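Chemist: Could you have a look at this structure, given as structure tokens, before my questions?
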Amino acid sequence: MELFRIKRDIPFMSYGRLTTAISLVTFIVAVFFLATRGLNFSVEFTGGTVLEVQYQQSADLDKIRDTVDQLKLGEATVQNLGSSRDVMIRLPNKPGTSSAQLSDKVMGQLKAIDNGVQLRKVDFVGPSVGAELVSSGLTAVILVCLGIMAYLALRFEWRFAVAAIIANMHDVVIILGCFAFFRWEFSLTVLAGILAVLGYSVNESVVVFDRIRENFRKPGMRGQPVASVIDNAITSTMSRTIITHFSTEMMVVSMLVFGGPALHGFAMALTIGILFGIYSSVLVASPIALWLGVTREHMIKPVKPKEEAVV
């Protein structure tokens, strides 16, 4: 399906130095904010107290959140748990205050507004559990990256695998840099969003790489410079790229606007990742593959001539 067809190839590769320079600058800025400001880890990573409460009717999450914030116990997370009457409240660790004291303060404030609220369960998440989650999260990201590189190396060629993983890690670092700069809470849902961005971004790279391989096989493209072959591949997939990313971005923005606090971090990670994923897949991965020296011989294995039968 095509909304439009571009008749002349856009010389993307002629701007390769500029686009990769922009990417390098944004990458360095993101790393700087990560190093200086750090991530604002949620209770799952840092440890804290988790309360499960139940109301007799549908709970007003905004009202509960404002009530808990009045206690000034730190950045609390309030979200539904299973049904509209069940609510989970996550509180960070507070030096000198035990989990029992925190839960008593919160329940006292909630009961002052609605006496029908009941405390169902209180859990304490220790720092060791948070450290284990951080380790598991990093392991998941590393395994995904290794899997992507192995897949692209087998399907295409190692130069494309290196180019794609550099572009993907560029997207991940940009997302982390944005969360560090704005001090947005980094939770497990945000980590899930980052893993989704890795898979989404590599899909666009695979589409472009497939078209590059097809172009190398076309008789009309033989003898053309590699840069021209890549420009034609990107231009010919432009309509598909716009349709796919625009429809996906509309869905993600809808989650960001209407999904509430529970989905805010996940939707924000996807929003940033999709925007930078389009840029990196087209204007970062392809120039890197070109600079690594990809050629027609790398993409197409020569066919061995059949041996003549001996009479």
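The values are calculated or read from the model by the stated rules, or taken from the named source; none is laboratory data. This structure is a prediction, so every number in the text was calculated from the model and none was measured. When we count neighbours, we look across all protein chains shown, and the Cβ atoms used for this are built from the backbone with ideal geometry, even at glycine. We work out accessible area using only protein heavy atoms, side chains counted, and drop any ligands, DNA or RNA first. Shrake-Rupley method; radii C 1.70, N 1.55, O 1.52, S 1.80 Å.
Chemist: Working from Cα positions, state the angle (0 to 90°, nearest 10) between the long axis of helix 261-283 and the longest principal axis of the chain.
Modeler: 20 degrees
Chemist: Also, I was wondering about something else. Can you tell me the orientation of helix 226-236 relative to the chain, as the angle in degrees between its alpha-carbon axis and the longest Cα principal axis, to the nearest 10?
Modeler: 60 degrees
Chemist: What's the local net charge at Asp86, with K and R +1, D and E -1, over the other residues with C-beta under 9 Å away?
Modeler: That works out to +1.
Chemist: On the protein heavy atoms, probe 1.4 angstrom, tell me the percent of accessible surface of the chain carried by carbon and sulfur.
Modeler: Carbon with sulfur: 63 percent of the solvent-accessible area.
Chemist: For Arg120, what is the net charge nearby, where nearby means another residue's Cβ is under 13 Å from its Cβ and Lys, Arg count +1, Asp, Glu -1? The partial results should precede the final answer.
Modeler: On the way: positive: Arg85, Lys121; negative: Glu52, Asp86, Asp123.
That sum, taken over residues with Cβ under 13 Å, equals -1.
Chemist: Computed over the Cα atoms, what is the radius of gyration of the chain divided by 2.2 N^0.38 Å, N being its residue count?
Modeler: Taking the Cα Rg and dividing by 2.2 N^0.38 Å, one obtains 1.30.
Chemist: Per residue, how much accessible surface does segment 48-125 expose to a 1.4 Å probe? Answer in Å², no decimals.
Modeler: 54 Å²
Chemist: Now, a different point. Take peptides 171-177, 70-76 and line them up by average Cβ neighbours within 10 Å, highest first, as a rough protection proxy.
Modeler: 171-177, 70-76
Chemist: Could you please put Thr36, Thr189, Thr49 in sequence from largest to smallest accessible area, using a 1.4 Å probe? Numbers along the way, then the final one.
Modeler: On the way: Thr36 85, Thr189 55, Thr49 0 Å².
In descending accessible area the options line up as Thr36, Thr189, Thr49.
Chemist: Now for a separate question. Taking the dipole about the Cα centre of segment 165-259, with the C-beta of Lys and Arg at +1 and of Asp and Glu at -1, give me whichever of Val206, Ile174, Ser254 is farthest to the positive side.
Modeler: Val206
Chemist: Only helical DSSP H runs with n ≥ 4 go in: add -39500 (n - 2.57) per run for the chain, normalise by residue count and round the 222 nm mean residue ellipticity to 500 deg cm²/dmol.
Modeler: That comes out to -21500 deg cm²/dmol.
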